[in-house]
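First comes the structure, then the notes that go with it.
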There are 2 protein chains.
Amino acid sequence: MTTSDQAKPDVSLTDFQAKIRDMYYEKDVQRGIDGTFMWLMEEVGELASALRQGTHEERCGEFADVLAWLTTIANVAGVDLGQAIQDKYGTGCPGCGRLVCTCPMQEKP
Amino acid sequence: MTTSDQAKPDVSLTDFQAKIRDMYYEKDVQRGIDGTFMWLMEEVGELASALRQGTHEERCGEFADVLAWLTTIANVAGVDLGQAIQDKYGTGCPGCGRLVCTCPMQEKP
């Protein structure tokens, strides 16, 4: 992080997931996981496009959208994102177990 | 959220992004956005598979991986995820502006 992040919002994943749940859960459940996943894919495409040729502001918006759709699917699937992250990345890289990954470049992490 | 979430970790997006940066940034920058995006796509495929036929535990792991790879690309692109989320969803649905979305079902949100 930079030295200018004192004023940045410190959004918790639990709070964000709850907010997205309040905002969209009723519609998400009607759509189901498959229908909601299609929207996630559309947003992933828009993120790819913004990474290729978007402004910084457009990229920020697309990252937010992908994260929101991922979160909304987690809500329908009954997955707690904060817990999932803690379980998988809380003690280090899932590949090598280190806090600074030492897995070979050609391997996944 | 349920009533049993007192013990759940309250991971902040800023802390998680910093942790992923410490863990992977050096390798991410070498890979670049394009190469890193390919790994995100692989994880999205694994998430789809887990949603179709995985256990709850496998789904949790795949959600964590997609979020981690999204975060790692945000690091390379210089995007602050917490700020991006706050800017786009902090005051309500980007479509209708409400805290409980009232956009028509056929529209994106």
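Couple of notes before you dig in:
- Any pair with Cβ under 6 angstrom, 6 or more apart, that starts in segment A:16-31 at a residue that is closer than 14 Å to B:Cys103 by Cβ and facing chain B (nearest Cβ under 8 Å) and ends at one that is open to solvent by 10 Å² or more (accessible area, probe 1.4 Å) and modelled with pLDDT under 95: A:Met23/B:Cys101; A:Tyr24/B:Cys101
- Near pairs, Cβ below 9 angstrom, 6+ apart or cross-chain, from segment A:39-63 (over 21 Å from A:Lys27 (Cβ atoms)) to any residue that is open to solvent by 20 Å² or more (accessible area, probe 1.4 Å) and among the β-branched types (Val, Ile, Thr): A:Leu51/B:Ile33; A:Arg52/B:Ile33
- If the condition is being farther than 12 Å from B:Val79 by Cα and either among the basic types (Lys, Arg) or at the interface with another protein chain (Cβ under 7 Å from one of its Cβ atoms) (or both), then segment A:47-64 contributes A:Ala48, A:Arg52.
- Per this entry, B:Val79 is counted among residues that are facing another protein chain (nearest Cβ under 7 Å), open to solvent by less than 10 Å² (accessible area, probe 1.4 Å), outside any helix (DSSP H, G or I) and at pLDDT 95 or above.
- Of the residues making up segment B:51-65, none is farther than 23 Å from A:Gly82 by Cβ and open to solvent by less than 40 Å² (accessible area, probe 1.4 Å).
- If the condition is being part of a loop (DSSP other than H, G, I, E, B), open to solvent by 20 Å² or more (accessible area, probe 1.4 Å) and facing chain B (nearest Cβ under 7 Å), then segment A:82-109 contributes A:Leu99, A:Val100, A:Met105, A:Lys108, A:Pro109.
- Single unsatisfied condition, B:Ile73 versus (1) at pLDDT below 95; (2) at the interface with chain A (Cβ under 9 Å from one of its Cβ atoms); (3) in contact with a Ser or Thr (Cβ under 9 Å, 6 or more places away or on another chain): (1)
The values are calculated or read from the model by the stated rules, or taken from the named source; none is laboratory data. The structure presented is a predicted model; accordingly, all values stated were derived computationally and were not measured. When we count neighbours, we look across all protein chains shown, and the Cβ atoms used for this are built from the backbone with ideal geometry, even at glycine. We work out accessible area using only protein heavy atoms, side chains counted, and drop any ligands, DNA or RNA first. Shrake-Rupley method; radii C 1.70, N 1.55, O 1.52, S 1.80 Å.
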